[in-house]
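The values are calculated or read from the model by the stated rules, or taken from the named source; none is laboratory data. Every value quoted in this text rests on a predicted model; they were computed, and no experiment measured them. Positions of Cβ are backbone-derived with ideal geometry, glycine not excepted, and every protein chain shown enters the neighbour counts.
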Amino acid sequence: MKQSPILENLLLTLPAKADQHSPESELHISMKQEARKEIISLFPTSDDQQAVDFKPFGELIFPYHKMGAIDSLNLFDLDELIIFSFYWKNRNSYKRTLDVGANLGLHSIMMAKCGFEVQCYEPDPTHFKILTENLARNNCTAVKPFNCAASIKSGEMEFTRVLGNTTGSHLSGAKANPYGELERFKVQVVNIRPLMAEAQLIKMDVEGHEKDILLATEEADWENTDAMVEIQDENNAKAVYEHFNKMKVNLFPQKINWTQARTLDDMPTSYREGTLFISCKDKMPW
């Protein structure tokens, strides 16, 4: 079974290097290149369903898929590995988690391998089919998948599939100017706030809809819940910063090495600037 001691070492040592996780740091740049080489060698660009030993998480089966300009290897980019290392570091701290915007299910699988009970939400039926297949391949019985989006109320909404990059598909209106060839169709949505009450950790990658979700939350929603969130743009960054600045809820951007955001300039304005950790904690538990 193929394995990568380099990736294993990276995943285990990333928590100790949290003060250098900014995408602009020299260490991040070098680690990103090294990790990419290892991922390419570990996972073939074919429909290979052989397992790899993805230590420390264990055996992993994750066949290759194209999603327009993006492929499944991109789901192992360094910023994702950083989040995986956070899951592993905190595998005894969290019990129930949400994967909102689950894509092909990789985060859900990693969460399950940490011993978490996972509920995952993916509205695109094409992605959802692959997600459920990936969960089955990896015996992820602790993951409950739902073919719907999460929002601020339950019901039905229009979904925009971006054919040139289906990882950028989104609930219609979440992005001002979606690009390329598009498909639009209705999807089911579920109110996220009752779900938050049962989860200690949320991973949220909802392509712009994070503003609507986060602005609908109150301080009480965060008393026992943390979140790792991707912020879409400057408008969302400003709205999210101002919303949480009124509460005793702290923002820790990867952009500034997971220290507490003190000004709007500290906030990420796209995936290129890393993830945002939201918590009532005084510091991020690295």
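Structure notes:
- Test: residue in segment 166-174 that is of a type outside the set (Gly, Ala, Ser), modelled with pLDDT of 95 or more, in a helix (DSSP H, G or I) and out of contact with any Pro (no Cβ under 8 Å at 6 or more places or on another chain): no
- Qualifying residues in segment 17-53 (those that are among the small types (Gly, Ala, Ser), assigned to a helix (DSSP H, G or I) and within 24 Å of ARG272 (Cβ to Cβ)) - the one farthest from the chain's Cα centre (by Cα): SER30
- When ASP282, ASP212 are checked against the criterion of being in contact (Cβ under 8 Å) with a residue 12 or more places away in the chain and farther than 23 Å from ALA176 by Cβ, ASP282 stands alone in meeting it.
- Hits in segment 71-127 - residues which are of a type in the set (D, E, K, R), surrounded by fewer than 24 Cβ atoms within 10 Å (Cβ to Cβ) and modelled with pLDDT of 95 or more: ASP77, ASP79, GLU80, LYS89, ARG91, LYS95, ARG96, LYS113, GLU117
- Selection of segment 215-233 for residues being under 11 Å from PRO268 (Cα atoms) and either crowded, with 17+ Cβ neighbours inside 10 Å or at pLDDT 95 or above (or both) yields VAL229, GLU230, ILE231, GLN232.
- Hits in segment 215-226 - residues which are hydrophobic (A, V, I, L, M, F, W, C) and either part of a loop (DSSP other than H, G, I, E, B) or in contact with a Leu (Cβ under 9 Å, 6 or more places away or on another chain) (or both): ALA216
- Residues in segment 200-214 that are assigned to a helix (DSSP H, G or I) and modelled with pLDDT of 95 or more: LEU214 alone.
- For segment 199-214, taking the residues that are in contact with an Asp or Glu (Cβ under 9 Å, 6 or more places away or on another chain) and among the β-branched types (Val, Ile, Thr), the one that is surrounded by the most Cβ atoms within 10 Å (Cβ to Cβ) is identified as VAL206.
- ASN257 buried (at least 17 other Cβ atoms within 10 Å of the Cβ) and at positive phi: yes
- Lone unmet requirement of (1) within 30 Å of GLU181 (Cα to Cα); (2) surrounded by 14 or more Cβ atoms within 10 Å (Cβ to Cβ) for SER4: (1)
- Considering (1) of a type in the set (A, V, I, L, M); (2) assigned to a loop (DSSP other than H, G, I, E, B); (3) buried (at least 17 other Cβ atoms within 10 Å of the Cβ), the lone condition that MET247 does not fulfil carries the number (3).
- Neighbours by Cβ (under 6 Å, 6+ apart or cross-chain): first from segment 87-104, farther than 17 Å from VAL229 by Cα; second of a type in the set (Val, Ile, Thr) and surrounded by 24 or more Cβ atoms within 10 Å (Cβ to Cβ): none
- Being farther than 29 Å from ILE29 by Cα and over 15 Å from the mean Cα position of the chain (by Cα) holds for only one residue in ARG91, ARG96, and it is ARG96.
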